[in-house]
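What follows is one structure encoded as structure tokens, with my remarks underneath.
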């Protein structure tokens, strides 16, 4: 019975991965693979640059590249501000996204709790000459927690509704995330995550299962000797 159960589970998983995505039944597995370089500067400034490649159609089709440049500024013990520009070079065209927001974080023993609020403006330039540039505004709220499992491993989870101004629904899509953070070097960490993302933007339901990783390296310049 155990062998039969394992064979059935593998068959179901394989059928899910091989299935094609369509507009009428867009249940899809996607991959988000990226890296982030941070700079720990004096006076609580943290600029960063991030690159991410994404696939869709059950991990088989390359969608494009996402390049983000941003900065965080700690303004109090628990609050920091964030600003970011993201360039997305994808199949549908070119996206320019501008983000501004704030995040509240508090640590208690092995727990790290956080609330983040972001405002976003997104411009899309289509490849087709007959399509006009789209200008869309979003706001999003993320509730998250991280728990230290050991000195080198932490588990994290978050829920983040994303709301589009003038959209069909109050919540445009919902990102539910689970992951593990591994400390692989003194200044290098690896996030491995899964996102369950139901999307309500269209007239039909869409569901995306996203797996990915983010390699994060932090550079802290040495202080100059007087």
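The values are calculated or read from the model by the stated rules, or taken from the named source; none is laboratory data. Please read all numbers here as calculations on a predicted model, not as lab measurements. As a convention, Cβ positions derive from the backbone with ideal geometry for all residues, glycine included, and neighbour counts pool all protein chains shown.
Structure notes:
- Strands (runs of 3 or more DSSP E) contained entirely in segment 136-226, each with at least 1 residues that are touching a helix residue (DSSP H, G or I) at 6+ places or on another chain (Cβ under 9 Å) and within 25 Å of residue 31 (Cβ to Cβ): 206-219
- Residues in segment 33-61 that are outside any strand (DSSP E or B) and farther than 16 Å from residue 217 by Cβ: 42, 43, 44, 57, 58, 59, 60.
- Screening 143, 215, 174 for residues that are under 21 Å from residue 35 (Cβ atoms) and either surrounded by 14 or more Cβ atoms within 10 Å (Cβ to Cβ) or touching a residue at least 12 places away in the same chain (Cβ under 8 Å) (or both) leaves exactly one candidate, 215.
- For segment 48-61, a residue qualifies if it is more than 14 Å from the chain's Cα centre (by Cα) and either surrounded by 15 or more Cβ atoms within 10 Å (Cβ to Cβ) or on the phi > 0 side of the Ramachandran plot (or both), and the qualifying residues are 48, 56, 57, 58, 59.
- Hits in segment 146-170 (condition: over 16 Å from the mean Cα position of the chain (by Cα), closer than 20 Å to residue 123 by Cα and surrounded by 14 or more Cβ atoms within 10 Å (Cβ to Cβ)): 164, 167
- So residue 179, is it at pLDDT 95 or above, under 16 Å from the mean Cα position of the chain (by Cα) and farther than 15 Å from residue 210 by Cβ: no
- Test: residue in segment 59-77 that is touching a helix residue (DSSP H, G or I) at 6+ places or on another chain (Cβ under 9 Å) and within 22 Å of residue 174 (Cβ to Cβ): yes
- The lone exception for residue 64 - which of (1) surrounded by fewer than 12 Cβ atoms within 10 Å (Cβ to Cβ); (2) in a strand (DSSP E or B); (3) on the phi > 0 side of the Ramachandran plot it fails: (1)
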